[in-house]
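Worksheet: one structure, shown below.
The values are calculated or read from the model by the stated rules, or taken from the named source; none is laboratory data. Please read all numbers here as calculations on a predicted model, not as lab measurements. Using ideal geometry, Cβ is built from the backbone for each residue, glycine included, and neighbour counts are taken over all protein chains shown. Protein only, heavy atoms only, side chains kept; ligands, DNA and RNA dropped before computing areas. Shrake-Rupley method; radii C 1.70, N 1.55, O 1.52, S 1.80 Å.
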Amino acid sequence: MAVEMEKLVSLCKRRGFLFQSSEIYGGLNGFWDYGPLGVELKRNVKEAWWRDMVTTHDDLSVLPGAPSAYEMTGLDSTIIMHPQVWKCSGHYDLFHDFMVDCRQTRKRYRYDQVRGRWVKLGERRIFVTTVAEASDEQAEVERKALKFFKLRPKQADELVWESDFIALPEVDDLSQVLAPDATELGTLTEPREFNLMFKTYVGALSGEEGAAFLRPETAQGIFVNFKNVLDSTRVKIPFGIAQIGKSFRNEITPRYFTFRSREFEQMEIEFFCHPSTSSDWYRYWRDRRMQWYQQLGLAGERLRLREHAPDELSHYSRGTADIEYAFPFLPAGEFGELEGIAHRGDFDLRSHMEGKLDEKSNPLVVQLDEHGKPKYRGSGKDLTYRDEATGERFIPHVIEPSAGADRATLAFLCEAYREDTAPDDKGVMQTRTVLSLHPRLAPIKAAVFPLVKKDGMPEVAKDIYRALKKRYNVFYDEKGAVGRRYRRQDEAGTPYCITVDGQTLIDNTVTIRDRDSLEQVRVKVDDVVEEVVQRIEQ
Ligand code: ATP
């Protein structure tokens, strides 16, 4: 069962996972802050990614499905880079969406996100639209059509629907379009290009010489450091460079909670390999990344791997797959992208080396000036790789698994949220809200409670708390009924609650309660830390 989004959003706010940015000033659309629990959760997502992909990666063994052993290393590059980076990467000319403005309501929409149906009443035929996020699109367009034609709901069958839902770009004549929030026809402007990069100015010069951009992806920082990494380490192809960091996109219509934000974090790997093995590496990474989400709890049918059809591929890509999740805020049956895994050939390194080579390998970056010369020159630096064993020199191929930390965090939250019943202090069944997060991701790993605030129980509980606190984020709570304390932790996703009770004073044991099964086992005080470690790191 999909979680109802309003309930999750309200829990996120109430318990401090997510807040609207600058909320006291009315918020800023497309920007989100992570509260005390949210920051732990997101850090755990990033930490799990970094550890699993980089620090604990075994570069001596051939992992299942991999063509050979490989190395992994990390990087942390800047958000603002030389503007030429974005010219050679293609972002300067090509990273845009189309937008339309409504002259009546002054609202702005992403061209491809306005959808609608042709409808006829007598001789009049209009295209009624809604924005793609409407959960019941048909009800929405019907309501608008009735209003436009001044009909009452019971006259709905006088409307003749002439098409299925289609996106606005499929409509040639905008004069018969009823914009999503308009009451008159033909108020939408022709679509216009809108570059998604945020522009800023570096240094005291405020002219165009100082113009720069906030990075819209972390990947380019890796490509431009390819040679530095090679020269400063002893990595050999095949190897990957990983980076986690903020990216910025001036999205026209940020929406769906953190799903489409204007400031977000990416977790990206650029994996460099020999062209002859790149297709095998592409398949390896696609499957490896899918497994990662599954291992951390997105195991059900709401997660899927979708291979792009050939006509969906970017001009340079020889294969792209998306890992997608059926977020509960999307219309039924629709999936949203969590991560894209792309076979990028030698497009990026070649672009940064030469600006462009020939139209075939790099057609869209070819921007010729009026003299027929390339508009953007590459760095001119040698970004080829020389295989020491064979002496072969080549431009490596790149496989890019590119994930969003915020979207992953949101998917883990959606998947974890559930309501069930559990007995309260008096054994009466009560509804409880639970976040069944994987223990590695849980913001608080364990909570320690003295059953009552006397008889030496708090002292024992505090000792256990201090011992655990050396390793994990744990929580101590001695206030209120223990049932209520359990439920607060269930809601925060805390997998284990440790309770010191009367029995502890007799035999030096405590209970460990499991959030999901509600099972309680007694463990010796001296064994608690080891037991918790074992459960979390299983
Ligand atoms: P979409 O089609 O949803 O805009 P994209 O294909 O442009 O995404 P990529 O450029 O492949 O996304 O970026 C890689 C990852 O970065 C995405 O899979 C997603 O997890 C994350 N991401 C991209 N844009 C945003 C955004 N506006 N807000 C949050 N995360 C994002």
Of 433, 409, 390, which has the most accessible area and how do the rest follow, probe 1.4 Å?
390, 433, 409
Heavy atoms only, probe 1.4 Å: what % of the accessible area of the stretch 444-537 goes to carbon and sulfur, would you let me know?
47
Arranged from highest to lowest average of other beta-carbon atoms within 10 Å per residue, in what order do the peptides 195-204, 264-273, 336-345 appear?
264-273, 336-345, 195-204
For the stretch 375-463, the dipole about the Cα centre with charges only on Cβ (Lys and Arg +1, Asp and Glu -1), to the nearest 20 debye, works out at 360
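Write down the Kirkwood hydrodynamic radius of the stretch 1-138, to one decimal in angstroms, obtained as one divided by the mean of 1/r over all alpha carbon pairs.
Details: mean 1/r = 0.0473 Å⁻¹.
Every distinct Cα pair counted, the radius reaches 21.2 Å.
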In whole Å, how far is the Cα centre of the stretch 72-128 from that of the stretch 462-500?
46
Cα-based Rg and Dmax for the chain, where Dmax is the largest Cα-Cα distance (Å):
27.5, 91
Ranked highest first by the average count of other Cβ atoms within 10 Å around their residues, in what order do 24-37, 111-124 fall?
111-124, 24-37
May I ask you to derive the FRET efficiency for residue 377 and residue 79 from their Cβ-Cβ distance with R0 = 22 Å, giving the value to the nearest 0.05?
0.40
Determine which lysines satisfy two conditions relative to residue 42: a Cα distance under 25 Å, and not lying fewer than 8 residues away in the same chain.
7, 13, 246, 445, 469, 470
Rolling a 1.4 angstrom probe over the protein chains, ignoring ligands and nucleic acids, what is the accessible area of residue 376 in square angstrom, nearest 10?
20
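If you stretched the chain out fully between residue 334 and residue 199, how much longer would it get, using 0.36 nm times the residue separation minus the C-alpha to C-alpha distance?
Values: separation 135, 0.36 × 135 = 48.60 nm, distance 3.31 nm.
Extra length available between residue 334 and residue 199 comes to 45.3 nm.
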Rounded to a whole number, what % of the accessible area of the stretch 1-113 do carbon and sulfur atoms account for, probe 1.4 Å?
52
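For the stretch 147-293, what % of the accessible area comes from carbon and sulfur atoms, probe 1.4 Å? Present the calculation step by step, with values, prior to reporting the outcome.
Details: 3080 of 6520 Å².
Reported share for carbon and sulfur atoms: 47 percent.
May I ask you to derive the FRET efficiency for residue 152 and residue 20 from their Cβ-Cβ distance with R0 = 41 Å, giving the value to the nearest 0.05?
Given R0 = 41 Å and the Cβ-Cβ separation, E is 0.60.
Taking only C-alpha pairs under 8 Å that are 6+ residues apart, what is the relative contact order of the chain in percent?
Relative contact order comes out at 13 percent.
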Among the stretch 279-303, those whose backbone N falls under 19 Å of a label point 7 Å along Cα→Cβ from residue 420 are 296-302
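For the chain, what is the percent of antiparallel DSSP beta bridges, rounded to the nearest 5? Show your work: numbers first, answer last.
Working: 82 of 96 bridges.
For the chain, the DSSP antiparallel bridge percentage is about 85.
Per residue, how large is the accessible surface of the chain? Use a 1.4 angstrom probe and give square angstrom. Intermediate results must be reported in sequence, preceding the final value.
Details: 25740 Å² over 538 residues.
Spelled out: the 1.4 Å probe surface of the chain, per residue, equals 48 Å².
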In the stretch 98-194, lysine pairs with alpha-carbon atoms under 19 angstrom apart (chain gap of 8 or more, or interchain)
6
On the formula 1/(1 + (r/R0)^6), with r taken between the Cβ atoms of residue 165 and residue 517 and R0 of 41 Å, the FRET efficiency rounded to 0.05 is 0.40
Eigenvalues of the Cα gyration tensor times 5, then square-rooted: what semi-axes does that give for the stretch 115-176, in whole angstrom, largest first?
18, 15, 9
Could you sort 412, 329 by accessible area so the largest value comes first, with the probe set to 1.4 Å?
329, 412
Protection proxy ranking, peptides 486-496, 282-292, average beta carbon neighbours within 10 Å, highest first:
486-496, 282-292
When all Cα-Cα pair distances of the stretch 444-537 are considered, the percent exceeding 18 Å is 36
Relative contact order of the stretch 12-170, please, whole-number percent, based on alpha carbon pairs below 8 angstrom and at least 6 residues apart.
13
